[in-house]
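The structure under discussion appears below in the form of structure tokens.
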Amino acid sequence: MSKRRRFFLATTVMAFLSASCAQKPAEPAAPPDTRAADEAAIRAADQDFVKCAEAKDLDKCMSLYADDAVLLESSGATIGKDNIRKPIQGLLSAGLKITVTTTSVLVSRSGDLALDQGAVQVTGTDKKGKPQTSTSQYALTWKKMPDGSWKIAADTSAPLK
Amino acid sequence: MPGNRSAALSIVVSFAVALIAGCAQAPAPVDTRKADEAAIRAAGNALAQAAIAKDLDKCMSFYVDDPVLFIPGSPAVVGKDAVRKTFQAFLGVQSLKLETSDLIIDVAASGDIAMERGSYANTITDAKGKVTTETGKLVLVWKKQADGSWKIAADTNAGDK
């Protein structure tokens, strides 16, 4: 092979490679980062629970849970949305004032899984009608559903001291 | 001069190789979920082994710096120092047998956060030789660290009712 011919062949190969690279379909871009919006949606959902609890709207409260949700309380574990309904009903019927203070929300980069932590303050009245407040620490694991909504997969709470 | 010609050719070939490599590198995120799930299972087993060996430092190495721990019938344990004290008490028995079953691990598509759930059975032999078995449900939230290792951000447990 002559020097010129060899050089021509090499440049042709290079040109072909450059062209094939350029002709490749657009590289899939990194998925959009939805974490800030996801965190806002979860913080809003925390407050939605407070609102539906105040309104004693059990169905609305239950709509925040995934079908296979797990409720872990210091008194014991409850598995499945149908079974969780009962303890949530108990919470609503007690007519307590509930406040939720979200302290941190950790969302996966892919926006499909999140750990939400904070405190729940529950105020009721004792037998003498005197207000009594107890504070619990909570850890909620949220999962994004195919429709884009966030549902609670695991709801853990226990009193703080 | 043959030397010059082959040098020129090798430059051309190097460019070609660089182009091929450039084409092959896709910026789309890699799905690491299978490997992540295996790594989390291995970390969970290693934590149990460290607990059985009563190696407190090793146990704590599986937790993030700001973990939360929920154990049946007890207040929430918040922060690494508090978790360490609780672990120290847990390990201060004669012997431990820790078993888990039905573990399901959901790793976020981005491979940075994972949720593990399942059942546990802890058989504890106390200082006086009395043996008790506690069964319950667990939900752990794992967070991938900068070095690629997985650590527990939330270790939540509740006893079977």
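Read-outs: derived from the displayed coordinates by stated rules, not from any lab. Fair warning: this is a prediction, and the values are worked out from it, not measured in the lab. Every residue, glycine among them, receives a Cβ derived from its backbone with ideal geometry; neighbour counts consider all protein chains shown.
Has the range A:107-116 got any residue that is under 21 Å from A:E54 (Cβ atoms) and crowded, with 20+ Cβ neighbours inside 10 Å?
yes
So which residues in the range B:70-121 are of a type in the set (S, T, N, Q), within 24 Å of A:Q137 (Cα to Cα) and not in a loop (DSSP other than H, G, I, E, B), if there are any at all?
Listed by number, the residues that qualify are B:T86, B:Q88, B:S119.
Taking the residues in the range A:73-122 that are part of a helix (DSSP H, G or I) and within 29 Å of B:D112 (Cβ to Cβ) as candidates, determine which candidate is nearest to the other protein chains (Cβ to nearest Cβ).
Once the filter is applied, the top-ranked residue is A:I84.
Only residues that are within 14 Å of another protein chain (Cβ to nearest Cβ) and either under 30 Å from B:Y120 (Cα atoms) or not polar (S, T, N, Q) (or both): list them for the range A:32-66, please.
A:P32, A:D33, A:R35, A:D38, A:E39, A:I42, A:Y65, A:A66, listed by residue number.
Could you check, for the range B:33-50, whether at least one of its residues is under 20 Å from A:L72 (Cα atoms), buried (at least 19 other Cβ atoms within 10 Å of the Cβ) and out of contact with any Cys (no Cβ under 6 Å at 6 or more places or on another chain)?
Going through the range B:33-50, the residues under 20 Å from A:L72 (Cα atoms) turn out to be B:44.
Remaining after also requiring buried (at least 19 other Cβ atoms within 10 Å of the Cβ): B:44.
Checking the rest, the ones that are also out of contact with any Cys (no Cβ under 6 Å at 6 or more places or on another chain) come to B:44.
There is at least one residue in the range B:33-50 that is under 20 Å from A:L72 (Cα atoms), buried (at least 19 other Cβ atoms within 10 Å of the Cβ) and out of contact with any Cys (no Cβ under 6 Å at 6 or more places or on another chain).
Test A:S157 against the stated conditions and say whether it is polar (S, T, N, Q) and within 11 Å of another protein chain (Cβ to nearest Cβ).
Taking the combined requirement at face value, the residue satisfies it.
Determine whether the range A:139-149 contains at least one residue that is surrounded by 18 or more Cβ atoms within 10 Å (Cβ to Cβ), touching a residue at least 60 places away in the same chain (Cβ under 8 Å), within 13 Å of B:V139 (Cβ to Cβ) and of a type in the set (K, R).
Looking for residues that are surrounded by 18 or more Cβ atoms within 10 Å (Cβ to Cβ), touching a residue at least 60 places away in the same chain (Cβ under 8 Å), within 13 Å of B:V139 (Cβ to Cβ) and of a type in the set (K, R), one finds at least one in the range A:139-149, hence yes.
Check B:R84 against each of (1) buried (at least 17 other Cβ atoms within 10 Å of the Cβ); (2) free of Cβ contacts under 8 Å to residues at least 24 places away in the same chain; (3) more than 17 Å from the chain's Cα centre (by Cα) and name the one condition it does not meet.
Status for B:R84: all satisfied but (2).
Among what's in the range B:113-154 and is touching a residue at least 60 places away in the same chain (Cβ under 8 Å) and at the interface with chain A (Cβ under 9 Å from one of its Cβ atoms), pick the residue that is nearest to A:E73 (Cα to Cα).
B:G136
Quickly run through the range B:69-112 and pick out the residues that are facing chain A (nearest Cβ under 9 Å), among the hydrophobic types (A, V, I, L, M, F, W, C) and under 26 Å from B:A127 (Cα atoms).
Correct list: B:F70, B:I71, B:A76, B:V77.
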